[in-house]
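Got a structure for you, questions after.
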Amino acid sequence: MPPSWFGQLRRTLTVVLHSSLAAAATLVALAFSCSTFDRWLARTDRHGRRHELVWSISLLMFAIASGALW
């Protein structure tokens with residue numbers, strides 16, 4: 001049977017791991033959201049590239065959701 005401090009350390013490391021993964025997912029989603037939104041803004045024909053705006057919105061919603069885990 002492991003010592004009692006081992007269980008506490010394991011729980012702490014688990015929380016740190018989950019928080020860092022949520023932070024990484026948030027930052028990556030924000031970066032891609034800004035990138036796709038910038039591509040949408042650069043287009044002169046907005047009607048043919050609606051999917052880029054939809055991708056930007058969906059990535060922003062994902063960033064907000066993963067940021068809530070952070």
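Please specify each residue of segment 52-70 satisfying the condition of being more than 10 Å from the chain's Cα centre (by Cα) and surrounded by 15 or more Cβ atoms within 10 Å (Cβ to Cβ).
Once the filter is applied, which keeps residues that are more than 10 Å from the chain's Cα centre (by Cα) and surrounded by 15 or more Cβ atoms within 10 Å (Cβ to Cβ), segment 52-70 yields GLU52, LEU53, TRP55, SER56.
I've got another one for you. I need the full set of residues from segment 20-51 which are β-branched (Val, Ile, Thr) and surrounded by 14 or more Cβ atoms within 10 Å (Cβ to Cβ), in order please.
Looking only at segment 20-51, we keep the residues that are β-branched (Val, Ile, Thr), and these are 26, 28, 36, 44.
If the condition is that a residue be β-branched (Val, Ile, Thr) and surrounded by 14 or more Cβ atoms within 10 Å (Cβ to Cβ), then THR26, VAL28, THR36 are the ones that fit.
Rundown of residues vs (1) without any contact (Cβ under 8 Å) to a residue 12 or more places away in the chain; (2) among the polar types (S, T, N, Q); (3) not in a helix (DSSP H, G or I), yes/no style:
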{"site": "ALA22", "(1), (2), (3)": "no, no, no"}
{"site": "VAL28", "(1), (2), (3)": "yes, no, no"}
{"site": "SER35", "(1), (2), (3)": "yes, yes, no"}
{"site": "HIS51", "(1), (2), (3)": "yes, no, no"}
{"site": "SER58", "(1), (2), (3)": "yes, yes, no"}
{"site": "MET61", "(1), (2), (3)": "yes, no, no"}
{"site": "SER66", "(1), (2), (3)": "no, yes, no"}
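Continuing with this model, one more query. Specify the residue that is farthest from ALA63 (Cα to Cα); the eligible residues are those in segment 1-19 that are surrounded by fewer than 12 Cβ atoms within 10 Å (Cβ to Cβ) and of a type in the set (S, T, N, Q).
Result: SER4.
None of the figures in this text is laboratory data; all of them are computed from the coordinates on show. Bear in mind the structure is a predicted one, so any value in this text is a computation, not a measurement. Neighbour counts are summed over all protein chains in view; Cβ atoms, including those assigned to glycine, are modelled from backbone coordinates with ideal geometry.
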